[in-house]
Amino acid sequence: MKKTDGTTTQLDGHLKQLDEDMVWDAERQSKLRYQILANLDKQETKVRFSRGFKAATSLMLCMICLFAGYLFISQNIGTENGGLSTGQESGQETIPAGTNDKESGHEDSAERIQAVIEEEFNGPDEKYKELLDAAMEAQISDEYMDDYEAYLKSPEHLALMNYMEETYASHFTEEGYEKFINVMPAFMYSGFEHNYTLTASDIKIEEIESRPLVYDLNFQVEYKNENNETSQHHFEGTAAVSEEGKIVNIEYLDGLEDGLLQKLRDDE
């Protein structure tokens, strides 16, 4: 408000300053946004990413519920229809042509399945954790924070993807590998921050007679936390393979509320 003599009141000065403060140029907005994100990232870098991981594990627990029902039903159906699928009288046995080839294929498939189980449950995989940490740090860096496409081409992200591929891709079909990496997901039991060890043992892989190229899985995993407290977890599951013996799909579970994933989350 101006006086009649053309001078400016103190109130006019305050209003003008307020207007100036409210008009942010693009540079100031960008700087403030970065400062806010940077402060949050410095304090909660690992928390932010672990939340996403924990959300994935929560989803996985729900998927386990569905898979448990599927596993139970499919095994019972396979057992009931076993006699019908063979088309043979009880006590009769026919050795089909190509038996040796099938046995060789079975051995290759079983070896691939066992290699995946051992990689997942003898750990955690420290190399994976190192590469994952580096990739997370890169994603929130000044260079890639606002450019996700550039981050996907970063050395840190590519190193992580290459390590995952080198570890698992040779055991799977192309589609099977993509599913294992993105749906299960791979290295699911290696992504926790606290100190712990996992040890797989008593791995049993048996082809289901009534369901060719499908295998029953049973194995034990010992979990030891940073207080040296141990717990035993019995896993059951199935794996399907291609005619070439590569894994098309693999799934396993060890319970719900008292399962290994829940133990890991509780100790986090």
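The values are calculated or read from the model by the stated rules, or taken from the named source; none is laboratory data. Because the structure is a prediction, the values reported are computed rather than measured. All Cβ positions, glycine included, derive from the backbone under ideal geometry; neighbour counts span all protein chains shown. Protein only, heavy atoms only, side chains kept; ligands, DNA and RNA dropped before computing areas. Shrake-Rupley method; radii C 1.70, N 1.55, O 1.52, S 1.80 Å.
The table for this structure:
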{"read-out": "Residues located in the stretch 214-242, provided they are among the aliphatic types (A, V, I, L, M), more than 17 Å from Phe192 (Cα to Cα) and touching a residue at least 60 places away in the same chain (Cβ under 8 Å)", "value": "Leu217, Ala239, Val241"}
{"read-out": "Flag if Ser154 is of a type in the set (Gly, Ala, Ser), over 28 Å from Gln114 (Cβ atoms) and touching a helix residue (DSSP H, G or I) at 6+ places or on another chain (Cβ under 7 Å)", "value": "yes"}
{"read-out": "Residue within the stretch 215-232 that is at pLDDT 95 or above, part of a loop (DSSP other than H, G, I, E, B) and aliphatic (A, V, I, L, M) present", "value": "no"}
{"read-out": "Among (1) assigned to a helix (DSSP H, G or I); (2) surrounded by fewer than 17 Cβ atoms within 10 Å (Cβ to Cβ); (3) modelled with pLDDT under 95 - the single one Asp258 does not satisfy", "value": "(1)"}
{"read-out": "Candidates Leu158, Leu198, filtered to the one that is open to solvent by 70 Å² or more (accessible area, probe 1.4 Å) and among the hydrophobic types (A, V, I, L, M, F, W, C)", "value": "Leu158"}
{"read-out": "Hits in the stretch 171-181 (condition: among the aromatic types (Phe, Trp, Tyr) and open to solvent by 20 Å² or more (accessible area, probe 1.4 Å))", "value": "Tyr177"}
{"read-out": "Lone qualifier among Met164, Met184 - being open to solvent by less than 30 Å² (accessible area, probe 1.4 Å), under 16 Å from Glu118 (Cα atoms) and either of a type in the set (Lys, Arg) or not in a helix (DSSP H, G or I) (or both)", "value": "Met184"}
